Structures are given as C-alpha cells and as structure tokens.
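All of the numbers you see were taken from the coordinates with simple rules; none came from a lab. Since this is a predicted model, take the numbers as computed values, not measurements. Cβ placement follows ideal geometry from the backbone for every residue including glycine, while neighbour counts extend to all protein chains displayed.
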Amino acid sequence: MKNIETGHIDLFNIYKYVATHPTFVSGKNGDMLEYTRLINQITKSIPKDKPGWYLWGRFNDVGFWETVYLGKAGNKKTSSLYARIREELLDERAAFWATIYGSEPTERQFQKIYKNKYGPGTRSYRKKNVHFIVWFGASPLSESEVKEEESVLISAFRPAINIQRITYPARTKYTDQVIQAIDKEVSFITSSK
C-alpha cells in the first residue's frame, strides 16, 4: 500500500457550538451556514483524494479507545475520506444536539422541522458522546479492496453501531498495516501535548 496518510479530528468545537445553539439547525430553517462553516474548518485537514476508512470513537473511563462506528470511503470525488466524513458531520448532526440536550428533545425538534420525512433520527443518536474521528487513507486502493478491508476492520475494532458483520473475515495483505496505523493514530491523540 502506498501514499498512506492517517490523522484525526476532534469534535469539541462542534459541542461548543451546539452548547450555545440549543435550537437544532437545518437548511430548511436557513440557519445552517455557521454550522457548515465550522464543519468545513474541522475537516480541512482530511484528504480530498484518498479512499480509506474512518472510525468515530471515544476513550472510555479507563482510557481505552472505543470505536462507535466504522465507515469506508471510496475513490470517487463524492466518496473520498473528506467527502464522507464531512457529509456525516452535516447529516448526522442530531448526535451532537442529543449529546448536549438529550435524544428526546432533539428528536422533537428534528421531527418538527422535517415532519417525519426522514423517519426517526435513531442512527444519528447512536453516535452520541463521540469525541474523535480517526481516519486512514491510502492510494491506490480499488473499491473492492476498500469494501473487503472494511469487513475485516469491523471485525477487529467491533464498533458498537455497525450492523453489518461478517464472522471472522479473512485478513487481507493490508490488514496489519492498517490496524497498526490506526492504533498509532489513537495513541498519538493521548500523547498530544
């Protein structure tokens, strides 16, 4: 695997924003601009041209990393690491409001705005209390390699909300390299000064 990049973003500025904006923002209400600018700022370090994988997570009470969700990003402009992470931070923003104000009040605001067009925000609420997104990008990677490795990484990191699970998928030629790079990035977060 060549052209490897790893990194992470913290989500604390999102929580700071939400703490001063108790009303759920939406494009429908015309108040998304400031939130969107914040997301653009937070995600600017993520590669726009790399496929790979990303983990939403947090550190538990004893300091161990817990992966809440693991996603994959493809080769296309609209599915790169940058595009996928940015899109999730925008589309699943209810998780941040639910973390600060609770799932039920957030859901009431969400349904009032969207009139049940999208169903309940359950998927978003499963990402509550997440503090970091760690990402791993590399190229060249084919779409099939990204998908195959995703199954292995889900098995290895056991994210709480990923529903699709393959029992004991075969490791690929990249698995050890990817897991070690992600573990190194997670360790870097706790050693940052």
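Residues whose amide H comes within less than 5 Å of that of residue 68, counting only those at least five positions distant or on another chain, are 56, 57, 58, 160 (H built at 1.01 Å from N in the peptide plane).
Cβ-to-Cβ counts within 10 Å put 34, 143, 5, 149 in ascending order as 34, 143, 5, 149, the fewest first.
Taken one residue at a time, the phi angles of the range 2-15 give Karplus couplings (6.51, -1.76, 1.60, θ = phi - 60°) of 10, 6, 7, 9, 10, x, 8, 10, 9, 10, 5, 5, 5, 4 Hz. Gly and Pro are set to x.
Across all Cα atoms of the chain, the radius of gyration (one decimal) and Dmax (whole number) stand at 16.9, 49 Å.
Here the dipole of the chain is about 420 debye; that uses its Cα centre as origin and unit charges on the Cβ of Lys and Arg (positive) and Asp and Glu (negative).
Among 27, 74, 52, the largest mean-square fluctuation in a Gaussian network model of the chain (Cα springs under 10 Å) belongs to 27. Across the range 69-82, rounded Karplus estimates of 3J(HN,Hα) from the backbone phi angles (6.51 cos²θ - 1.76 cosθ + 1.60, θ = phi - 60°) give 8, 10, x, 10, 10, x, 8, 7, 4, 8, 10, 5, 3, 4 Hz, Gly and Pro being marked x.
For the residue pairs 48/147; 50/117; 72/184; 77/184; 72/128, alpha carbon separations beyond 24 Å are given by 50/117; 77/184.
Summing charges over neighbours of residue 124, with a neighbour being any other residue whose Cβ is under 11 Å away from its Cβ, gives +1 when K and R count +1 and D and E count -1.
Result for the chain in a Gaussian network model with C-alpha springs under 10 Å: among 133, 100, 166, the largest mean-square fluctuation is at 166. How long is the gain from residue 75 to residue 13 if the chain were fully straight, where each residue apart is worth 0.36 nm and the alpha carbon distance is subtracted? Fully extending the segment from residue 75 to residue 13 adds 19.4 nm. When only alpha carbons of the range 1-43 are considered, Rg and Dmax amount to 14.2, 45 Å.
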